[in-house]
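The values are calculated or read from the model by the stated rules, or taken from the named source; none is laboratory data. Nothing here was measured: the structure is a model prediction, and the numbers come from that model. We work out accessible area using only protein heavy atoms, side chains counted, and drop any ligands, DNA or RNA first. Shrake-Rupley method; radii C 1.70, N 1.55, O 1.52, S 1.80 Å.
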Amino acid sequence: HPVVVFMKGSPAQPLCGFSNAVVQILRLHGVEDYRAHDVLQDPDLRQGIKNYSNWPTIPQVYLNGEFVGGCDILLQMHQNGDLVEELKKLGIRSALLDAEKDQDKK
């Protein structure tokens, strides 16, 4: 999958505020088709993904198999426009681009 999130809970029911923030940011961009793994279901996965990325916290976001960061990094990318560009590289058009066009028409 081009977008993978290791989180606490599921996209439908995030179990921490940071996981919820990641889900909301992806939703803002119209990214609905992504793979989510609930690390609370598997302690080995939870520790293993931290070891793999050398990143101590959950959630963790991967784009095209590459570790991007956690909630803070994704929020920063959203705010500075980098997320739109990164999604474009994956062939995903951010819904925010369409929202901007709608604003321009008004």
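Values (1) 0.98; (2) 1.09; (3) 1.03 are given for comparison; Cα Rg over 2.2 N^0.38 Å, derived from the coordinates here, is the one labelled (2). With contributions of -39500 (n - 2.57) from each DSSP H run of at least four residues, the per-residue ellipticity at 222 nm computed over the chain stands at -14500 deg cm²/dmol. Taking every alpha-carbon pair under 8 Å whose residues sit at least 6 apart, the range 2-106 reaches a relative contact order of 31 percent.
Solvent-accessible area of the range 3-104 (1.4 angstrom probe, protein heavy atoms only): carbon and sulfur portion equals 48 percent. Near the amide H of ALA36, within less than 5 Å, lie the amide hydrogens of VAL5, all on another chain or at least 5 residues away, with H placed in the peptide plane. With both residues required to sit in the chain, DSSP beta bridges show an antiparallel share near 65%. Solvent exposure of the chain amounts to 60 Å² per residue of accessible area, where only protein heavy atoms count and the probe is 1.4 Å. For the chain, the longest principal axis of the alpha carbon atoms and the long axis of helix 17-28 meet at an angle near 30°. Taken one residue at a time, the phi angles of the range 34-48 give Karplus couplings (6.51, -1.76, 1.60, θ = phi - 60°) of 9, 8, 10, 10, 7, 6, 6, 7, 8, x, 5, 5, 4, 6, x Hz. Gly and Pro are set to x.
Couplings 3J(HN,Hα) for the range 4-14, derived from phi with the Karplus relation 6.51 cos²θ - 1.76 cosθ + 1.60 (θ = phi - 60°), are 10, 10, 9, 9, 9, x, 10, x, 6, 8, x Hz, where x marks Gly and Pro.
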